[in-house]
Amino acid sequence: MSDHNLPGAPYIGYQNQNLMMENVALESLLAEHGTPLFAYSKAAMLGALEEYKRAFKSRKARIHYAMKANSSLGVLRVFAQNGCGFDIVSGGELAKVLAAGGKAEHVIFSGVGKTRAEIRAALNAGICCFNVESESELDVINEVALSANTVAPISLRVNPNVDAKTHPYISTGLKDNKFGIAHDHALQTYIRASKLKGLKIKGIDCHIGSQITEISPYEDAVSLVLDLVDSIEANGIHIEHLDFGGGLGIDYAGETPPKADALWERLFALIDKRGYSDRFIFVEPGRSLIGNAGVCLTRIEYLKTGEHKNFCIVDAAMNDVPRPAMYEAFHCIVPLTRSGPSPAVKPVLYDVVGPVCESGDWLGRDRELSVSVGDGLAILSAGAYCMSMSSNYNSRGRAAEVLIDQSHVQLIRKRETDADLMRQEM
Ligand code: LLP
């Protein structure tokens, strides 16, 4: 590929004037599959996974893909076939993982509000571990396990009160967040848990936030968790695994987060120095495995020029790519066919917006584009938290999805039809 600057490179980039994903010109997908359309590069997913695998090569460790980032079966299958476990947060996610060929014994169950039915289903399936987020949840899991005549494997999700330096909506490791058990209370909660007959303590867990682009918040969290392990083990409770969650950021707008292997080299130095090299390491990455591997393709419906603003109205919207509306997130937006050095259409500054009836329905602001009606655009870094957070708002069917493997294009989700929109209603 000639252009290495786009997020998602080297799997996404221009060859001559055409935006390619692996060996496929993305423009060529539109006639058959329509828009909006999500496309994912299998090589980009495996490349991102490889960085984690390299980090853990000579270690006891397991990568649990946080499937909330993208829970499409075709995506789950790729990670399952390549040795991933899964981090789930609902009974629905458990069902999807099992349907995609994931192993129950490699599933960890996070989230603050697990229902009794979800806990029962996870126990029945035989998952690896529940990450428990409160004392009352501890009691419920104990009760459900005892009534099923079994013992539930657990770890406590500890809230270390460190600032992940990210958007407030996706920061989770601060005292005021709803997540985890406060660091100051964790020891007494472990002691209490050790006395409950329906529970078996396996490990300790923390997850401090998402789209983290620096190493230092991780180092702070690891130190604080290991301080706790010191005192928990001094009380005779053994901690088999250390789970440091997910959160590693990706490139949306030129961010340069550390690579997973570079991050883990630093964290292992800390873990080794503290004498915990022998523990099993768990991680729960979502965005960093799939975010840069996906794009959302859309077509320009109208160009509208105004006194102060010009609008490029496309057929994707906040129901397909909700991150700009929800977090004012930035996604690069580029043409599928780029103009040469002297563009036929002069560049104009546009707000790229969708057809949904809200001013919040924007995908990119103040973007310089040389485009005409009918042109295709790609919204980059759209692999994570786009399709999985999509909705049917404005009675819009969800987009279709394809998985690209070199020159091969596989449809992994059909576009929703009008009949799909009404299927469950009477
Ligand atoms: N583990 C737990 C317990 C989590 O809550 C999350 C994400 C992850 C792992 C994976 O984090 P990642 O590696 O993907 O950063 N919708 C937001 C992101 C929400 C993240 C929620 N938790 C966004 O679009 O930015």
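The values are calculated or read from the model by the stated rules, or taken from the named source; none is laboratory data. What you are looking at is a predicted structure, and each value in this text was computed from that prediction instead of being measured. When we count neighbours, we look across all protein chains shown, and the Cβ atoms used for this are built from the backbone with ideal geometry, even at glycine.
The strands (runs of 3 or more DSSP E) falling completely within segment 291-342 that include 1 or more residues that are without any contact (Cβ under 8 Å) to a residue 60 or more places away in the chain and surrounded by 15 or more Cβ atoms within 10 Å (Cβ to Cβ) map to 310-314, 333-335.
Looking at segment 72-156, the helices (runs of 4 or more DSSP H) lying wholly inside it that each contain 1 or more residues that are more than 16 Å from the ligand (Cβ to nearest atom), farther than 29 Å from VAL402 by Cα and not aliphatic (A, V, I, L, M) sit at 116-125, 135-147.
As for segment 216-237, it holds no residue that is at pLDDT 95 or above, within 16 Å of the ligand (Cβ to nearest atom), buried (at least 19 other Cβ atoms within 10 Å of the Cβ) and assigned to a loop (DSSP other than H, G, I, E, B).
For the residues VAL162, VAL151, VAL144, the requirement of being buried (at least 17 other Cβ atoms within 10 Å of the Cβ), over 21 Å from ILE250 (Cβ atoms) and among the aliphatic types (A, V, I, L, M) singles out VAL144. The sole residue among SER90, SER110 that is of a type in the set (S, T, N, Q), farther than 30 Å from PRO341 by Cβ and buried (at least 22 other Cβ atoms within 10 Å of the Cβ) is SER110. If you filter segment 303-349 down to residues that are within 20 Å of GLY374 (Cα to Cα) and of a type in the set (Asp, Glu), you find that the one that is nearest to the ligand (Cβ to nearest atom) is ASP320.
With GLY126, GLY85, GLY101 as the choices, which residue is closer than 24 Å to THR150 by Cα, surrounded by fewer than 22 Cβ atoms within 10 Å (Cβ to Cβ) and not acidic (Asp, Glu)? After applying the criteria, what remains is GLY126. When the test is whether a residue is free of Cβ contacts under 8 Å to residues at least 12 places away in the same chain, outside the structural domain of CYS332 (by TED's automatic domain parsing) and of a type outside the set (Asp, Glu), LYS68 does not pass it.
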